[in-house]
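Written out below as structure tokens is the structure these notes cover.
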Amino acid sequence: MFDTLSDRLNKVFTGLRGKGRLSPADIDATAREIRIALLEADVALPVVRQFIAAVKERATGEEVSKALNPAQQVIKIVNEELIQILGGETRRLQFAKTGPTVIMLAGLQGAGKTTLAGKLARFLKDQGHAPVLVAADLQRPNAVNQLQVVGERAGVAVYAPQPGNGVGDPVAVAKDSIEFALRAQHDMVIVDTAGRLGIDADMMRQAADIRDAVQPQEILFVVDAMVGQDAVNTAEAFQSGVGFTGVVLTKLDGDARGGAALSVRSVTGQPIMFASNGEKLEDFDVFHPDRMASRILGM
Amino acid sequence: LSRERLDDQAWEEIEEALLTADVGVRSTTEIVERLRTRTQVLGTRSQGELRALLSEELVAALQPQMDRTLHTISTGDGPAVVLVVGVNGTGKTTTCGKLARVLVADGRTVLLGAADTFRAAAADQLATWGSRVGASTVRGPEGGDPASVAFEAVKAGWDAGVDTVLIDTAGRLHTKVGLMDELGKVKRVVEKQGPINETLLVLDATTGQNGLVQARVFTEVADVTGVVLTKLDGTAKGGIVISVQRELGVPVKLIGLGEGVDDLAPFDPEQFVDALLGDVV
Ligand SMILES: Nc1nc2c(ncn2[C@@H]2O[C@H](COP(=O)(O)OP(=O)(O)OP(=O)(O)O)[C@@H](O)[C@H]2O)c(=O)[nH]1
Ligand SMILES: Nc1nc2c(ncn2[C@@H]2O[C@H](COP(=O)(O)OP(=O)(O)OP(=O)(O)O)[C@@H](O)[C@H]2O)c(=O)[nH]1
Ligand SMILES: [K+]
Ligand SMILES: [Mg+2]
Ligand SMILES: [Mg+2]
């Protein structure tokens, strides 16, 4: 449906004769095409602006003016810059020095947190850990049952002392789950929380209370790859409301370009750690910045 | 905004408002072009006039004259049937619950069909909604055939003489051919007992440009007759529906404004545009 950035830039550069410095007009035309490509990939506008400023600088330099094919050279630069931002320093999960390691999941409604809880549990179990899932979404209808089914499918324990559907205190459940994990010798605790909006002050406070009750080593912000321009608002709201140490992108099995990855990474500086790409437990991978860059550019 | 003249910055702000609301590059460019022409012809000078014109353009793009009534009253002997479809996690099950609430409050009898046999506890979730709002739920075995659950639900609706049967389906990405075929089958099987009166596509307001592709494919497979735009209670503006309506002509009929039973409202193009523009322009 969309022209690829490569098609777009080739059009810009067809008029260009031979080698030589790009004129300011060429640079502007190039920037315009990159801007459109990124916006069509749902990269947030302020992030697009920052990104283009960086690329423009490099595009005026020697590496482009000396290139045989300036269009390809610009694409190479764009791609490199994307990978650099998306990748940064990749890192592994942080583990607790003593006691169980706690991973808390947070995000908007329907982002894929509960599904991810199961995937993470399975992933960790396969690495020899003994995880327990904690049902701290006591709000969404049957979220507790959902987590129980997910736990059963993943073959891991589920700590669900409260029925949910509005009954029970999620902060208390989260707090007690640490005791439970110690007693039952689970070395990892994965806390599923209710979906919440960034602007819902009460719910953000609840998330912060859950965080304080379990003192997690990791708080993972779970974000749907289909999200558009709102990615920035939401990421900032979660960053300031509860804070997070890593990002998980979900629903990457679709055809959304996933510009939200760049938006969230750019505005929060937190690394994207995992990719969720399907509804089944095994549809889970560590995050690959290079694949994501190609995807955003439609290559 | 209080500047007297329409300078470049005014135009930039308009473009920015549209882009950051997920209206998309193409629709934004076309709308801004039209607006530029019109302001020239009309000799528009003030920001206030400009905003009014922009509003007009956006409302016009949403085709306010379109029929947005929900077809929940049967045209034949059996119950009216409403099918609810969309990608994962947009709010289909919740919308079924809220819609049942509206109908029950109107004195109608409603039956819910849990044709999501795939997602963990999906049928439980729908049944919880049913008991909240006073509608019974027909469900099948976990992992069972969704088309046969849908068929059974409509059949039960005939037998019980209810007014409306709402069928909740599993979330599926439009790119998954097998799952889209399955949806086509649900539709065909249901239609053996009578027409589907309304097929609602549930779009999440946080969705970016992918929403248009979703709408295109679901419309092809399931003959969507209306869009429900959910999660408008957040900071997302849902501007993608402008492209959806422009390209596909399928009207947005309802909006979701929260997780509670009463958080469903009719779609009003002018209010939507007002919220979309906010105080930016
Ligand atoms: N296609 C696809 N679907 C996914 C993926 N991750 C989750 N889902 C689906 O998305 C929907 C929502 O997932 P959940 O795990 O319930 O999301 P959640 O964030 O826990 O939702 P709430 O608890 O309501 O906020 C379900 O239909 C999942 O099966 C993914 O990577 N790909
Ligand atoms: N804030 C807000 N949340 C909503 C709205 N509609 C639904 N939700 C929430 O979004 C999440 C997903 O809703 P569901 O109704 O389960 O979505 P679904 O489309 O049935 O999901 P799948 O069946 O897994 O594809 C839940 O946490 C709902 O409470 C809304 O209008 N506003
Ligand atoms: K909104
Ligand atoms: Mg959940
Ligand atoms: Mg559902």
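The values are calculated or read from the model by the stated rules, or taken from the named source; none is laboratory data. Predicted model, so just to flag it, every value in this text is computed and none were measured. As a convention, Cβ positions derive from the backbone with ideal geometry for all residues, glycine included, and neighbour counts pool all protein chains shown. Accessible surface is based on the protein model in full, side chains and every heavy atom, while ligands, DNA and RNA are left aside. Shrake-Rupley method; radii C 1.70, N 1.55, O 1.52, S 1.80 Å.
Descriptive notes on the structure:
- Centre separation in Å (Cα based) which lies between the stretch B:143-202 and the stretch A:100-126: 31
- Inter-chain Cβ neighbour average for residues A:220-226, partner chain, 10 Å: 4
- Shielding score for A:273-280, defined as the mean number of other chain Cβ atoms within 10 Å: 2
- Tilt relative to chain A, helix A:24-40 - C-alpha long axis, 0 to 90 degrees, to 10: 30
- Here chain B is treated as a Stokes sphere of Kirkwood radius computed over C-alpha pairs; at 37 °C and 0.692 mPa s its diffusion coefficient rounds to 167 µm²/s.
- For the stretch A:115-203, dividing the convex hull volume of the Cα atoms by the residue count gives 90 Å³ per residue.
- Buried surface between chains A and B: roughly 3400 Å² of accessible area, summed over both sides, computed with a 1.4 Å probe on protein heavy atoms only.
- Among A:67, A:207, A:31, the largest mean-square fluctuation in a Gaussian network model of chain A (Cα springs under 10 Å) belongs to A:67.
- Number of partner chain Cβ atoms within 10 Å, mean per residue of A:33-41: 3
- Dipole magnitude (debye, nearest 20) for the protein assembly as shown, charges at Cβ of Lys, Arg, Asp, Glu: 1040
- Length-normalised contact order for chain A - Cα pairs under 8 Å, 6+ apart - percent: 23
- Under 10 Å, Cβ to Cβ, from residue B:252 - net charge with Lys/Arg +1 and Asp/Glu -1: +1
- Packing order of peptides B:68-75, B:255-262, B:120-127, highest average first: B:120-127, B:255-262, B:68-75 (average count of other Cβ atoms within 10 Å over each peptide's residues).
- Accessible carbon and sulfur surface of the stretch A:70-175 relative to its total accessible area, %, 1.4 Å: 48
- Per the Debye formula on identical point scatterers at the alpha carbon atoms of chain A, with no solvent, log10 I(q)/I(0) at q = 0.14, 0.15, 0.16 Å⁻¹ is -0.94, -1.04, -1.15.
- Gaussian network model of chain A, springs between alpha carbon atoms under 10 Å - residue of A:24, A:141, A:216 with greatest fluctuation: A:24
- Cα-centre dipole for chain B with unit charges at Cβ (Lys and Arg positive, Asp and Glu negative), debye to 20: 500
- Largest GNM mean-square fluctuation across A:114, A:234, A:90, computed for chain A with C-alpha springs under 10 Å, falls on A:90.
- Relative to the 2.2 N^0.38 Å rule of thumb, the stretch B:142-281 has a C-alpha radius of gyration ratio of 1.15.
- The calculated Kirkwood hydrodynamic radius for the protein assembly as shown is 25.1 Å, given to one decimal from all distinct C-alpha pairs.
- Charge dipole of the stretch A:208-287 (Cα centre as origin; +1 on each Lys and Arg Cβ, -1 on each Asp and Glu Cβ, all else neutral): 220 debye, rounded to the nearest 20.
- Its DSSP H runs of at least 4 residues, each contributing -39,500 (n - 2.57), put the calculated 222 nm mean residue ellipticity of chain A at -15000 deg cm²/dmol, to the nearest 500.
- Along its first, second and third principal axes, ordered by size, the stretch A:1-158 spans 66, 36, 24 Å in Cα coordinates.
- Calculated translational diffusion coefficient of the stretch A:165-299 (10 °C, 1.306 mPa s; Stokes-Einstein with Kirkwood radius over alpha-carbon pairs) equals 99 µm²/s.
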